[in-house]
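Pasting in a structure now, in structure tokens, and then I'll have a few things to ask.
The values are calculated or read from the model by the stated rules, or taken from the named source; none is laboratory data. Treat the numbers as computed from the prediction; the structure is a model and nothing was measured. Cβ placement follows ideal geometry from the backbone for every residue including glycine, while neighbour counts extend to all protein chains displayed. Remember, those area values only see protein heavy atoms, side chains included, never the ligands or the DNA or RNA. Shrake-Rupley method; radii C 1.70, N 1.55, O 1.52, S 1.80 Å.
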Amino acid sequence: MMRYVAAVMAVTLAAAGGAQAAPARAVDWTKTIATTPAGAYVMGNPRAKVKLVEYLSLSCSHCAAFAAEGLPTLKRAYIARGLVSLEVRNAVRDGFDFAGVMLSRCAGPAGYFPASEQILATQPVWMPKAQAFFEAQQGLPQPGSEAEAVRRMATAAGFDQMMQARGLTPARVTACMADPKQTAIVTAMTAEAFNTRKIPGTPTFLINGVMAPETATWATLQPKLAAALR
């Protein structure tokens, strides 16, 4: 009987010790998305030591290059670990940019970053279509409304199909392109970028509220992030 009790106690203590020894699962802060009062989306730890802001244009080739070259490392090594948060402010430069922004925001906070990253990654595919559409429209009657103009550009570039493939219904896509609240948010964000902040172009980065000049590439931005983390 004593052997049985001793055996049970040994198993119980081993199980308890194993439970205590299990390592805590690390938080992946790239899964945390918040919305600022101005409507921008922020990825990462709200208490991160470094708060990075990117002024982004979806039709900007330099923005697409940064997303391809730097964003994976930025997310994996800095944002996921809670060291840096990334706020994206849209600085719209043209109609196709606006159409892409409206539809990427249509995906909501959780879907915004993947949607905008897809639009940036597929620039070589949709930019020629956008240019062909622009040239074909020369001399033709203009659409009767801004919403109709946005719809035509989104269709020409294939943004509508892209977003439907991400799970948005055709009705939702159409509604998002004419959403007055989102239109006002994006318009105000763009005005803040070019008229108030007077950014020199896209991408432009702020590190803890201060503009970081000459940081349009990951190679130039990364050392400034490392310095801010010291």
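For residues that are modelled with pLDDT of 95 or more and in a loop (DSSP other than H, G, I, E, B), scanning just region 204-216, find the one that is least open to solvent (accessible area, probe 1.4 Å).
Among them, the one singled out is Gly209.
Table: residues versus (1) over 23 Å from Lys224 (Cβ atoms); (2) charged (D, E, K, R); (3) at pLDDT below 95; (4) touching a strand residue (DSSP E or B) at 6+ places or on another chain (Cβ under 6 Å).
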{"site": "Ala15", "(1), (2), (3), (4)": "yes, no, yes, no"}
{"site": "Ala21", "(1), (2), (3), (4)": "yes, no, yes, no"}
{"site": "Ser57", "(1), (2), (3), (4)": "no, no, no, no"}
{"site": "Cys63", "(1), (2), (3), (4)": "no, no, no, yes"}
{"site": "Arg76", "(1), (2), (3), (4)": "no, yes, no, no"}
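What's the total number of residues in region 100-113 that are farther than 17 Å from Pro203 by Cβ and touching a Ser or Thr at 6+ places or on another chain (Cβ under 9 Å)?
First, the residues of region 100-113 that are farther than 17 Å from Pro203 by Cβ: 102-103, 105-111.
Remaining after also requiring touching a Ser or Thr at 6+ places or on another chain (Cβ under 9 Å): 102, 105, 107, 109, 111.
Number of matching residues: 5.
Let me ask something else. Looking at Ile119 and the list (1) at pLDDT 95 or above; (2) among the β-branched types (Val, Ile, Thr); (3) out of contact with any helix residue (DSSP H, G or I) (no Cβ under 6 Å at 6 or more places or on another chain), which single condition is not satisfied?
(3)
A follow-up question, please. Considering region 73-87 alone, what residues qualify as being under 19 Å from Ala193 (Cα atoms) and in contact with a Ser or Thr (Cβ under 7 Å, 6 or more places away or on another chain)?
Selection gives Glu87 alone.
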